[in-house]
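The values are calculated or read from the model by the stated rules, or taken from the named source; none is laboratory data. None of the values given here were measured: they were computed from a predicted structure. No Cβ is skipped: glycine too gets one built from the backbone with ideal geometry, and neighbour counts run over all protein chains shown.
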């Protein structure tokens, strides 16, 4: 017997499948990474197979690239394109101004590059990701390995509580080794015990520290937001 | 017979040797990289050997580290320190507001990290580096390899004229392969045919492009500037 799908996954799947309906023939599509993006890519493959729609795509991770390729979606090298018609990606948190925290999966830089060259970034989330204030989810910040402990102490001097992300075993236990991004950098996860009160100011302060490559704050990038609910219905925030 | 030292090197040596006199017993010193920093490290080694001064240092490159180590200067791991007493480094250009362009040697990120944690950054230059307007020397910008062509095209959309730095042979001929920094990234060298009229604005625009790790603009970092002249005299700009 199949396991029943948990309510959270029903919500994610609803959002991902709704997003696939926004993809039209001839589009060049940016594929996000993560559990909600997985359902989007799943539905996109289905849509292309069952209709006359031909699209091509660029992926933010090896995992999403492999899923799309297995489903017959032609993939482009990111260096061969200058704009994308649409990018569909999840978010770890999004507030009422559509400011987001992303990068829980460690792909924040690639996700930001794709989002920033897309005519529209469609954000797909389950309702738990809608927040009144950003910062309950730790903010990922990508830093270069050189002087990384020093960079961490400078981050913490801003009043942040950062710690390096560590690698995990298959059984999800944490290893001593630091997690390394696709770009060969480390991730500092910043906790905000009271939430983050001024995301723009925090972002600027973080980016002014030499050694910080990128933050997980996404501003002015989200277009439509598709929110999935555990009963399978969705709501689109225009 | 020894080759006579070219006038430019006399100027560089004068500046480097003058900077060594600013180093006092017990100081933790940041060592820059490049031809002028070479003369500083040379004089610093001499000063430590001939007097009772004991110092320790952190280096911005393997080359400077090797030179210091060979001269008996104890080196610290950058991650074991939180501040430096002084950093002495060269510059490719410096204007009357002490804004600089650095990174001709490819070590801009490490140089900026050290400069930014130093109580004072002493800049040592030959007089040719003093400019009325920044931008005659190409501005180096460090970018991640992922989507690097796309990042270049976004840089050029700002009205900049960037091109990737390439590796060089021993005989200084350019190879087809891209130059790779100590951090595993590429360098875009940006030419400003008319000079750079608004360095701060250019810097902000560049840093807002995801994929740009750091620029070679150094603002609010230079302390005293020691200018060397071809006749061997120096001038200190306080």
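Name the residue, out of B:202, B:181, B:215, that is more than 9 Å from chain A (Cβ to nearest Cβ) and more than 18 Å from residue A:208 (Cβ to Cβ).
B:181
Do you know which of the residues in segment B:117-134 that are more than 14 Å from chain A (Cβ to nearest Cβ) and surrounded by 22 or more Cβ atoms within 10 Å (Cβ to Cβ) is farthest from residue B:166 (Cα to Cα)? So that I can check it myself, show each step before the final result.
Looking only at segment B:117-134, we keep the residues that are more than 14 Å from chain A (Cβ to nearest Cβ), and these are B:119-120, B:122-134.
Going one step further and asking which of them are surrounded by 22 or more Cβ atoms within 10 Å (Cβ to Cβ), we end up with B:122-126, B:129, B:134.
Working: B:122: 30, B:123: 27, B:124: 27, B:125: 26, B:126: 26, B:129: 24, B:134: 23 Å.
Ranking the qualifying residues of segment B:117-134, first place goes to B:122.
Exactly one of (1) surrounded by fewer than 21 Cβ atoms within 10 Å (Cβ to Cβ); (2) free of Cβ contacts under 8 Å to residues at least 60 places away in the same chain is unmet by residue B:17. Its number?
Exception for residue B:17: condition (1).
Output the residue which, of all residues in segment B:20-33 that are in contact with a helix residue (DSSP H, G or I) (Cβ under 8 Å, 6 or more places away or on another chain) and surrounded by fewer than 24 Cβ atoms within 10 Å (Cβ to Cβ), is farthest from residue B:68 (Cα to Cα).
Just the residues of segment B:20-33 that are in contact with a helix residue (DSSP H, G or I) (Cβ under 8 Å, 6 or more places away or on another chain), to begin with: B:20-21, B:23, B:29-33.
Restricting the remaining residues to those that are surrounded by fewer than 24 Cβ atoms within 10 Å (Cβ to Cβ) gives B:20-21, B:23.
On the way: B:20: 13, B:21: 16, B:23: 14 Å.
The selected residue is B:21.
When you look at residue A:72, is it within 13 Å of another protein chain (Cβ to nearest Cβ) and assigned to a loop (DSSP other than H, G, I, E, B), yes or no?
Numbers: within 13 Å of another protein chain (Cβ to nearest Cβ): no; assigned to a loop (DSSP other than H, G, I, E, B): yes.
Taking the combined requirement at face value, the residue does not satisfy it.
The rows are residues; the columns are (1) more than 30 Å from residue B:18 (Cα to Cα); (2) at pLDDT below 95; (3) touching a helix residue (DSSP H, G or I) at 6+ places or on another chain (Cβ under 9 Å).
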| position | (1), (2), (3) |
| --- | --- |
| B:197 | yes, yes, no |
| B:213 | yes, no, yes |
| B:220 | no, no, no |
| B:236 | no, no, yes |
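Can you find a residue that is surrounded by 15 or more Cβ atoms within 10 Å (Cβ to Cβ) and assigned to a helix (DSSP H, G or I) anywhere in segment B:207-225? Even if it seems obvious, please write down each step before you answer.
The initial filter retains those residues of segment B:207-225 that are surrounded by 15 or more Cβ atoms within 10 Å (Cβ to Cβ), namely B:207, B:209-218, B:221-225.
Next cut, assigned to a helix (DSSP H, G or I) only: B:207.
Yes, the conditions are met somewhere in segment B:207-225.
When the residues of segment A:189-199 are narrowed to those that are over 22 Å from residue A:146 (Cβ atoms) and crowded, with 17+ Cβ neighbours inside 10 Å, which ends up farthest from the other protein chains (Cβ to nearest Cβ)? Before you say what the answer is, go through the steps one by one.
Of the residues in segment A:189-199, the ones over 22 Å from residue A:146 (Cβ atoms) are A:191-199.
Now narrow it down to the ones that are crowded, with 17+ Cβ neighbours inside 10 Å: A:192, A:196, A:199.
Values: A:192: 22, A:196: 20, A:199: 15 Å.
Looking at the filtered set, the residue picked out is A:192.
Scan (1) within 14 Å of another protein chain (Cβ to nearest Cβ); (2) surrounded by fewer than 16 Cβ atoms within 10 Å (Cβ to Cβ); (3) in a strand (DSSP E or B) for the single condition residue B:87 breaks and write down its number.
(2)
Return the residue satisfying two criteria in turn: it lies in segment A:142-154 and is buried (at least 23 other Cβ atoms within 10 Å of the Cβ) and at the interface with chain B (Cβ under 8 Å from one of its Cβ atoms), and of such residues it is nearest to residue B:212 (Cα to Cα).
Initial filter on segment A:142-154 (buried (at least 23 other Cβ atoms within 10 Å of the Cβ)): A:142-144, A:147, A:150-151, A:154.
Next cut, at the interface with chain B (Cβ under 8 Å from one of its Cβ atoms) only: A:144, A:147, A:150-151, A:154.
On the way: A:144: 12, A:147: 18, A:150: 21, A:151: 17, A:154: 20 Å.
Looking at the filtered set, the residue picked out is A:144.
Which of the residues spanning segment A:50-69 are away from every other protein chain (no Cβ under 14 Å), touching a residue at least 24 places away in the same chain (Cβ under 8 Å) and in a loop (DSSP other than H, G, I, E, B)?
Scanning segment A:50-69 gives A:52, A:53, A:54, A:55.
Name the residue that is modelled with the highest pLDDT, counting only residues in segment B:155-170 that are surrounded by fewer than 14 Cβ atoms within 10 Å (Cβ to Cβ) and farther than 14 Å from residue B:187 by Cα.
Residue satisfying both the conditions and the ranking: B:157.
Whether any residue in segment A:94-101 is more than 9 Å from every other protein chain (Cβ to nearest Cβ), within 18 Å of residue A:38 (Cβ to Cβ), surrounded by fewer than 24 Cβ atoms within 10 Å (Cβ to Cβ) and touching a residue at least 40 places away in the same chain (Cβ under 8 Å) is what I want to check. Break it down stepwise before answering.
So the first thing to find is which residues in segment A:94-101 are more than 9 Å from every other protein chain (Cβ to nearest Cβ), and the list is A:94-101.
Add one more test, that the residue is within 18 Å of residue A:38 (Cβ to Cβ), and what stays is none.
No, there is no match, as no residue in segment A:94-101 is more than 9 Å from every other protein chain (Cβ to nearest Cβ), within 18 Å of residue A:38 (Cβ to Cβ), surrounded by fewer than 24 Cβ atoms within 10 Å (Cβ to Cβ) and touching a residue at least 40 places away in the same chain (Cβ under 8 Å).
All but one of (1) within 14 Å of chain A (Cβ to nearest Cβ); (2) more than 30 Å from residue B:164 (Cβ to Cβ); (3) not in a loop (DSSP other than H, G, I, E, B) hold for residue B:44; state the number of the condition that does not hold.
Going through (1) within 14 Å of chain A (Cβ to nearest Cβ); (2) more than 30 Å from residue B:164 (Cβ to Cβ); (3) not in a loop (DSSP other than H, G, I, E, B) one by one, residue B:44 breaks only (1).
With in contact with a helix residue (DSSP H, G or I) (Cβ under 8 Å, 6 or more places away or on another chain), without any contact (Cβ under 8 Å) to a residue 60 or more places away in the chain and away from chain B (no Cβ under 12 Å) as the only criterion, which of A:170, A:228, A:162 stands out?
Going through A:170, A:228, A:162 in turn, the sole match is A:162.
Restricting attention to segment B:106-116, report how many residues are facing chain A (nearest Cβ under 7 Å), buried (at least 22 other Cβ atoms within 10 Å of the Cβ) and in contact with a helix residue (DSSP H, G or I) (Cβ under 9 Å, 6 or more places away or on another chain). If you could, list the steps in order and put the result at the bottom.
Looking only at segment B:106-116, we keep the residues that are facing chain A (nearest Cβ under 7 Å), and these are B:109-110, B:112-113, B:116.
From what is left, the residues that are buried (at least 22 other Cβ atoms within 10 Å of the Cβ) are B:109-110, B:112-113.
Then keep just the ones that are in contact with a helix residue (DSSP H, G or I) (Cβ under 9 Å, 6 or more places away or on another chain); that gives B:110, B:113.
Qualifying residue count for the region: 2.
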